[in-house]
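Nothing in this text is a laboratory measurement; each read-out follows from the coordinates by a stated rule. Model, not experiment: these values are computed from the prediction. Cβ sites come from the backbone with ideal geometry, for glycine too, and all protein chains shown count toward neighbours.
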Amino acid sequence: MPAELKVVDSLVLRYRDFQAEGHTISEHIELLKKAGEVWWGWWKKESEPSNIDHLGRLQAICDNEDEVKVGLFDRALGKFHIANCVHIIFSDQGNTSPDKSRTPAYYSKTKLKAWFKFNNIEEVDRNYFVDLFGSVPLSAETTLFPIHNGNMIDKNDFFFYHGKNISPLSILHISDIHLGADFGFSSRRQPGREPIFDRLKADRDKIFQCNPSLVIFSGDITTRADIQVMREEGLKFLKRVCDLFKIEPEQLIIVPGNHDFPLKDVNPTDYSHESEYRGLLRDFYGVEMGSSCMHSFVHSNGRKTEVLAMNSVRLRSKELKNFGYTEWGLYEDQLRKVNADNNTTRIAVLHHHLIPVPYEDELDSDYTYASASTTIDAGSVIEGLHNHNFRLAFHGHQHVSGVARISRGQPNGNGEIKLNRELSIVSAGSLTSSRLANYMRNNSYNFLVQQGEKFNLSSYEYTSATGPTKRSFYCKL
């Protein structure tokens, strides 16, 4: 593309098909063909900046009868479009569509922060899109990316290089504490009842004989998205884990579970259903954190450990809300930028299952939101983890511990199927929930220790009653 065609002042919008149920682009194009123009609304996330100054600059360009080329992309589907924008309306308070006859019906009476009038939308390939706008934005949390003086503002905070020496590598994997209605442990010792921190302290002293260098928590801090419990008891619980094992907050890696977002009343227009969870992360870590990122740690021998925290409670559509979904493309674009070398151990963590663990799903009839076990895009996740040299994947969700190895075959371009190196998938069960599956009636957690190129994995079962911890399986990974 000639240099003079690259945009100078513009923006790129990332969209999802949750509201339009797969027809976002087609509905806009259909109206555009009929009326010659169509309005596109910005579904601004609550956590995003308003970008008032930049929208004002673009509005002035349009008012001077110049078109602004706007980029539109759906990373999940790999779709890229360019639209000619001829007018912009924006407000911090939000407005309904300026012209409902030229607006897809799914917007209804929704008030949005900005509206863009397009007189043309055309599909382009990824390379043309990159030539025009400079790149495909990487941020997983942002939906509007300003371009000013030819530079895109993409605040990509995907990688967190902690620089913490965590030698030797040992990992405590916990999940599904379900603070609130389903929390199954007492806060103080009683006859036949034992506080969970007494259990963990005893196991640390008698079984581990060391503090873990990392704690991985694979989701469900609370029960049924009890927001008050999450922000009050959840923060105290996380801090107490750090105190018990003498670790810093960055050594405790958290991902959201289906009980951490109020999915019953989900609001895809501004993602406010994620705000309380994001607030918990901010209070715990002391910085603004997204629900997806890569944590990188170093060892005294020069090796690194990278832990990919994934959000498997992403929205895909209203009908599929009951299933886990990661939108793997968010991670694929990021991981392409940084290849793992032979001195890096890569580990992934998400809430939902990548392969079935119980013999049959036992869905929670009282909370039917994202309760099905296996992640709906598990195939792309497993294949992607294989391609980017991940050794282990941790998850929680259906309160059953287990371990499996999988190698997903992929065409090698020569008409043959190549099997990848095996990925070990580890399920934690539930640390403290009283709502346990018939398949497994005990609470559990996992403990891993790296020895050379191998991991020794042990799973421990127990109940809230005082007694010795039972090791349910031990294996080398």
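Computing FRET efficiency as 1/(1 + (r/R0)^6) for THR344 and ARG441, where r is the C-beta to C-beta distance and R0 is 41 Å, gives about 0.60. Count the net charge of all other residues whose Cβ sits under 9 Å from the Cβ of THR223, scoring Lys and Arg as +1 and Asp and Glu as -1. Counting the neighbours of THR223, the net charge comes to -1.
For segment 274-381, the Kirkwood hydrodynamic radius comes to 15.9 Å, computed from all pairs of different C-alpha atoms. Annotation: aspartates and glutamates with alpha-carbon distance below 15 angstrom to LYS476 (same-chain offsets under eight excluded): GLU422, GLU453. DSSP finds beta bridges in segment 288-396, and of those with both partners inside it, around 35 percent are antiparallel.
Quick one: if you take sqrt(5λ) for each eigenvalue of the C-alpha gyration tensor of the chain, what semi-axes come out, biggest first, whole angstrom? Working shown, then result.
Working: eigenvalues 371, 121, 82 Å².
Equivalent ellipsoid semi-axes, largest first: 43, 25, 20 Å.
Determine the dipole magnitude for the chain: charges of +1 sit on the beta-carbon of Lys and Arg, -1 on that of Asp and Glu, nothing else is charged, the reference point is the Cα centre, and the result goes in debye to the nearest 20.
Dipole magnitude for the chain comes out near 1560 debye.
For segment 339-477, the average shadow cast by the Cα convex hull is 10.3 nm², which is a quarter of the hull's surface. Placing pseudo-labels 7 Å out from each Cα toward the beta carbon at LYS476 and LYS239 gives an inter-label distance of 4.3 nm.
How many percent of DSSP beta bridges within the chain run antiparallel, rounded to 5? Walk me through the intermediate numbers first.
Details: 64 of 95 bridges.
Roughly 65 percent of the DSSP beta bridges within the chain come out antiparallel.
Remark: segment 136-144, residue by residue, has Karplus-estimated 3J(HN,Hα) of 8, x, 9, 4, 8, 9, 9, 10, 10 Hz, where x stands for each Gly or Pro and the curve is 6.51 cos²θ - 1.76 cosθ + 1.60 at θ = phi - 60°. With a cut-off of 10 Å between beta carbons, the residues surrounding GLN93 carry a summed charge of +1, where Lys and Arg count +1 and Asp and Glu -1. In terms of packing, defined here as the mean over residues of other Cβ atoms within 10 angstrom, the peptides 245-257, 187-199 line up highest first as 245-257, 187-199. May I ask which of LYS45/LYS109; LYS44/LYS69; LYS164/LYS201; LYS304/LYS454; LYS6/LYS33 have a Cα-Cα span longer than 22 Å here? Check vs 22 Å cut-off fails for LYS164/LYS201; LYS6/LYS33.
Scalar couplings 3J(HN,Hα) for segment 333-346, obtained by applying the Karplus form with A = 6.51, B = -1.76, C = 1.60 to θ = phi - 60°, are 4, 5, 5, 4, 6, 9, 7, 7, 9, 5, 9, 10, 9, 10 Hz; x denotes Gly and Pro. In this label model, ASN95 and ASP63 are separated by 1.2 nm, measuring between points 7 Å along each Cα→Cβ vector.
Counting Lys and Arg as +1 and Asp and Glu as -1, what is the net charge of the other residues whose Cβ lies under 14 Å from the Cβ of SER296? Numbers along the way, then the final one.
Numbers: positive: LYS164, ARG303, LYS304, LYS337, ARG346; negative: ASP157, GLU250, GLU306, ASP341.
Around SER296, the charge tally is +1.
Taking a ≥ b ≥ c as the square roots of the eigenvalues of the alpha carbon gyration tensor, segment 1-139 is rounded, as a/c is under 1.5.
Segment 151-275: Rg/Rh from Cα coordinates, Kirkwood Rh? Numbers along the way, then the final one.
On the way: Rg = 17.1 Å, Rh = 16.6 Å.
On the Cα set of segment 151-275, Rg over Rh gives 1.03.
What is the distance in Å between the Cα centres of segment 204-258 and segment 421-477? Value for the Cα centre distance between the two parts: 16 Å. Annotation: for a label point projected 7 angstrom from Cα along Cα→Cβ of CYS210, no residues of segment 223-243 have a backbone N closer than 15 Å. Projecting the Cα atoms of VAL449, LEU238, PHE159 onto the charge dipole of the chain, computed from C-beta unit charges around the Cα centre, puts VAL449 farthest toward the positive end.
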